[in-house]
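Okay, structure first, notes after.
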């Protein structure tokens, strides 16, 4: 193996690219963190919800005739239409998320954690393979809503898509944070994740709150899916697999159960990956897992998480 | 020991007979599936020691398998690769070419995987449940990515031209009467199953189960839980490595893509289907889940619905977890005692167990 | 005679909370010692410190002249301290016999290879463990249920099995954490007799935690009373029973 010569400018440029990548990790990671918070379940199917998010944004564009046939000329898509795509995708993903919870996870709420984890893997497989049948296993190409333009920012290049990603992700994350901290349903969520039994006794609608958690997590993942599709328009049914695992790593890194932790973990992971990617893109895929193992060894509660103690 | 040795010899003879019979009378494709069943059994039975007996949830079995596959193939295969220093393709001839060399290569693969098992076992000192699952998953992925970047063994394309070995009994050339892959695979199946059964029914097996059932109580009883957990990983990894080596030489090619985390999931599902903690269950699970996809492949072609087989597979998995999470066998073993209990009229109730003076060596296998 | 178990100002804090404060305990070989106190007095925490489950924040604990704080549960078990748990912790999927046999595991003098390959010492060890386990099950009156799985046992028997399993480690000191909890009067008096037998026939020193005063007063020869992490009385059952501080803690507290 040989190392490429890399300048420090290149590294900083990559780090900046990593921020937009990390913003998407963060959007997906909050779904893992919230579900783990209320159910102590690693929702393996969450990566697939992100994948569906991208597809569900693709289809409105296709139905509206904005996707050319093969070899056909690319029609210009009006910018407002992205709003239609995102809204459709968010609604569809929220429905899917709640459906998964209702059909697959709720029957297992009192079962062993192992059974729940395996079910989650099963749901993930089902969505992957179901999508392969529904959408076909050949890649679909997401329409371009904006022409790629680069802005010079000091000595760095930033593309308009990157800026869009960062801004949308930041708005979504802040919105989520406010929702969880300031609203009544958000308070119910925190109560359920603190202690489900007590929350129920205090009159919190636990089932409804859990369904809401899945819906919101799925909406965030769908936003992540649409944002990624704007940057890398190639959609495949398997795109959620690795992305989901990495976002989960981001959640663990930040401290599972913590929403600001998910944001922080996502950013760190995105930057670390991009910087390593300066040398080797294949090794970049290993970064997440190395981080994962290090975090679990050194501080399993993550950067912003809390530790628990077993009662003897 | 004499008893197990005798069992082993008889079993090996049966393997040899089965090998010759299959090669003679059964079509090649079916033999291939049977061989794959053998590899799956080794994987499932060895993972059962980690996940089933010891209760550690490993999702990294594909990683151990990959190490075994690549290390053994490294010894037996001519390696062609691009040397960037001299800027030309070079070929290193295989290091071993005899049947004994092959066995040595398999063992080396197992040992390499076992060493990795120690490395993975150490984090288990701290991690439990799904955190351990996700850490072992990470380990498996790291192994795969490292191999993908290792040009000498073919990088992402993998290694091809992995040889097959045979023991010629008589004759020459195509008509020779020879023991081949089937014999090697099922010999290791027998060894793995026999040793695992003997492990399970020993003070160490009970210690492993004690760790699973209640780690704190096990510690207080003086069972070195940390050492037991590492042992379970080493044992499971060794046989996963052997299975990997057999797999590579069966398919005659290895690629990193064969060892994704889906492969680990597949083995876990075998255990869960059969009943986590039951070796009988592991074996049945391995057979069903290796044969079923092959059978569904035909259905898929006839119905012209590519991918439906995996949909069925995942649906079965979800329904299984919802309606029978303990699997087919639960934690029971299929044994003579269980069979006897099923026969009406000869019921053995739970409290009629033999007293210590009685010789219980007979229940060993 | 020096004490078998001696703690000096043993203290543990969880965060800001001092669960046990400067705890002193002295038990001689052959004692039948009771540690009592109302709920939340810190009794189980003391056990957890003695058996290596918790690390004391301050103070020392010596067993037979050896320092034991800082040792982990496995090392403590090797030294000869065994225990039961308030919330029973059996190996539910193992049989009653196998549960008792796991207690004898730490004395196994064989390597895993000998078991894997069924070498002669494996059989010897199995026979030894089985024999010892049966003896102890018989001692506790469980030998007719050896073949059931532990989870099939009724509650009272589960408590007894835990004691049998602890005895199989061949301890010099056994710590019983609320052995009579949840038992009816008949079971309790049977258990009292068994506890006395453990000391008299097996020559194992016994330390009992109970909040059932009657049971402790009936069997123990020495009693120490703990309240909010502090010792408030120490003496014979009769002395302790009449101690005004004890009466206060039991009647005033609840």
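Of note:
- Sole exception among (1) surrounded by fewer than 24 Cβ atoms within 10 Å (Cβ to Cβ); (2) away from chain A (no Cβ under 14 Å) for residue B:282, by number: (1)
- Where helices (runs of 4 or more DSSP H) sit wholly within region A:90-199, those with at least 2 residues that are facing another protein chain (nearest Cβ under 10 Å), modelled with pLDDT of 85 or more and surrounded by fewer than 21 Cβ atoms within 10 Å (Cβ to Cβ) occupy A:113-135.
- Being more than 10 Å from chain A (Cβ to nearest Cβ), out of contact with any helix residue (DSSP H, G or I) (no Cβ under 7 Å at 6 or more places or on another chain), closer than 14 Å to residue B:77 by Cα and surrounded by fewer than 22 Cβ atoms within 10 Å (Cβ to Cβ) holds for only one residue in B:104, B:158, B:171, B:154, and it is B:104.
- Identification of helices (runs of 4 or more DSSP H) wholly contained in region B:1-117 with 1 or more residues that are closer than 30 Å to residue B:127 by Cα yields B:28-47, B:61-76.
- For region C:57-67, the condition of being in contact (Cβ under 8 Å) with a residue 24 or more places away in the chain and either outside the structural domain of residue C:180 (by TED's automatic domain parsing) or surrounded by 23 or more Cβ atoms within 10 Å (Cβ to Cβ) (or both) holds for at least one residue.
- Per the conditions (1) in contact (Cβ under 8 Å) with a residue 12 or more places away in the chain; (2) loosely packed, with under 14 Cβ neighbours inside 10 Å, the sole criterion not satisfied by residue A:80 is (1).
- Within the option set C:100, C:138, being more than 8 Å from chain B (Cβ to nearest Cβ), in contact (Cβ under 8 Å) with a residue 60 or more places away in the chain and within 22 Å of residue C:159 (Cβ to Cβ) holds for one residue only, C:100.
- Here residue A:48 meets the list (1) closer than 18 Å to residue A:254 by Cα; (2) within 13 Å of the chain's Cα centre (by Cα); (3) within 14 Å of chain B (Cβ to nearest Cβ) almost entirely, failing just condition (1).
- Search result, residues across region C:193-240 that are out of contact with any strand residue (DSSP E or B) (no Cβ under 7 Å at 6 or more places or on another chain), assigned to a loop (DSSP other than H, G, I, E, B) and modelled with pLDDT of 90 or more: C:203
- Filtering region C:58-97 to residues that are more than 10 Å from chain B (Cβ to nearest Cβ), touching a helix residue (DSSP H, G or I) at 6+ places or on another chain (Cβ under 9 Å) and assigned to a loop (DSSP other than H, G, I, E, B) leaves C:64, C:68, C:69, C:71, C:86.
- Residues of region B:220-232 that turn out to be buried (at least 24 other Cβ atoms within 10 Å of the Cβ) and within 7 Å of another protein chain (Cβ to nearest Cβ), as a count: 4
- Residue B:297 being farther than 30 Å from residue A:113 by Cα, part of a helix (DSSP H, G or I) and modelled with pLDDT under 80: no
- Residue list for region A:232-245, filter: surrounded by fewer than 17 Cβ atoms within 10 Å (Cβ to Cβ) and in a helix (DSSP H, G or I): A:242
- Checked against (1) part of a helix (DSSP H, G or I); (2) farther than 30 Å from residue C:6 by Cα, residue C:139 passes all but a single condition, namely (2).
- Leading residue by the ranking (nearest to the chain's Cα centre (by Cα)) among those in region B:208-219 that are more than 7 Å from chain C (Cβ to nearest Cβ) and under 14 Å from residue C:103 (Cα atoms): B:208
- Residue check, residue C:163 touching a helix residue (DSSP H, G or I) at 6+ places or on another chain (Cβ under 7 Å), at negative phi and assigned by TED's automatic domain parsing to the domain that holds residue C:21: no
- Test: residue A:295 is crowded, with 17+ Cβ neighbours inside 10 Å, under 16 Å from residue B:130 (Cβ atoms), in contact with a helix residue (DSSP H, G or I) (Cβ under 9 Å, 6 or more places away or on another chain) and at pLDDT 85 or above: yes
- Test result for residue A:61, over 24 Å from residue A:241 (Cα atoms) and either in a helix (DSSP H, G or I) or within 19 Å of the chain's Cα centre (by Cα) (or both): yes
- Among the residues making up region C:104-122, those that are facing another protein chain (nearest Cβ under 7 Å) and under 26 Å from residue C:171 (Cβ atoms) are C:105, C:106, C:108, C:112, C:115, C:122.
- Yes/no for residue C:85 being in contact (Cβ under 8 Å) with a residue 40 or more places away in the chain, under 30 Å from residue C:245 (Cα atoms) and not assigned by TED's automatic domain parsing to the domain that holds residue C:214: yes
- Test: residue in region B:66-87 that is at the interface with chain A (Cβ under 10 Å from one of its Cβ atoms), closer than 17 Å to residue B:236 by Cβ and at pLDDT below 85: no
- Residue within region C:177-189 that is within 14 Å of chain B (Cβ to nearest Cβ) and touching a residue at least 60 places away in the same chain (Cβ under 8 Å) present: yes
- Here B:112, B:94 are screened, and the one residue that is touching a helix residue (DSSP H, G or I) at 6+ places or on another chain (Cβ under 7 Å) and buried (at least 21 other Cβ atoms within 10 Å of the Cβ) is B:112.
The values are calculated or read from the model by the stated rules, or taken from the named source; none is laboratory data. The shown structure was predicted, so the numbers you read here are calculated from the model rather than taken from an experiment. Positions of Cβ are backbone-derived with ideal geometry, glycine not excepted, and every protein chain shown enters the neighbour counts.
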